[in-house]
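Q: Below is the structure I would like to discuss, written out as structure tokens.
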Amino acid sequence: MKAGRFIAVVGPSGVGKDTVMRAMIAQRPGLRRVRRVITRTADPQGEGHEAVSEAEFDARLKDGGFALHWRAHGLLYGVPVGVCMDLAQGRDLLVNLSRGVLAEAQARFRPFLVLHLVAAPEVLAARLAGRGREAADDIAERLAGAAMTLPEGVGPVVTLDTDAAPEKLAKAAIKALYAVKL
């Protein structure tokens, strides 16, 4: 059986990763989204992550419960180890990742692709303010990190600006990602 594609979805906070991933799944049956584990309270309007305490996160990490993990914006993020089984069974997965763990993800998972979402700084600022989850200082920190480039050598990379409707972006992303020969 052919391994599933590990599709790392990256971009700055507020770029619309969750929205684009939901639209992609709606358009491509069988494409799955990985539910991350985060030390952040649950948000019914957000991505639908599994909210855990730092102690629970640390316990899972020690038990080998994560295929990838990282710290960003004062939070811990983890990708459950179960993704390995899904990929081995040929399932294509969308995984919301930090740009900082792309090289590690690429070293661990094949086939590997990156969907890099971008938006203008003023668009990001408006989206971050609109979701009401971060204080002004946190928004400023996230906007400062928006210009972070992708690590050298990761890819293939498909880059899309999120200024279009989510359904249109999803269609373009699916077309570009599945045109890549792996």
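Q: Hey, does segment 80-89 have a residue that's at pLDDT 95 or above, part of a loop (DSSP other than H, G, I, E, B), of a type outside the set (A, V, I, L, M, F, W, C) and closer than 20 Å to LEU177 by Cα?
A: yes
Q: With (1) more than 15 Å from VAL15 (Cα to Cα); (2) touching a residue at least 40 places away in the same chain (Cβ under 8 Å) as the list, and ASP137 as the residue in question, which single condition is left unmet?
A: Every condition holds for ASP137 apart from (2).
Q: I'd like to verify a number: residues in segment 46-69 that are in a loop (DSSP other than H, G, I, E, B) and more than 28 Å from GLY130 (Cα to Cα), how many?
A: 3
Q: Which residue pairs have Cβ atoms closer than 7 Å, lie 6 or more positions apart in sequence or on different chains, and pair a first residue in segment 59-70 that is more than 17 Å from VAL101 (Cα to Cα) and touching a residue at least 12 places away in the same chain (Cβ under 8 Å) with a second residue that is in a strand (DSSP E or B) and aromatic (Phe, Trp, Tyr)?
A: ARG60/PHE66
Q: Look through LEU143, LEU169 and report the one residue that is under 25 Å from ILE7 (Cβ atoms), surrounded by 13 or more Cβ atoms within 10 Å (Cβ to Cβ) and in contact (Cβ under 8 Å) with a residue 12 or more places away in the chain.
A: LEU169
Q: While we're on this one: Let me confirm something: among GLY153, GLY74, GLY130, GLY90, which residue is out of contact with any Asp or Glu (no Cβ under 7 Å at 6 or more places or on another chain), without any contact (Cβ under 8 Å) to a residue 24 or more places away in the chain and on the phi > 0 side of the Ramachandran plot?
A: GLY74
The values are calculated or read from the model by the stated rules, or taken from the named source; none is laboratory data. Keep in mind the model is a prediction, meaning the values are calculated, not measured. Glycine gets a Cβ as well: all are built from the backbone with ideal geometry, and neighbour counts include every protein chain shown.
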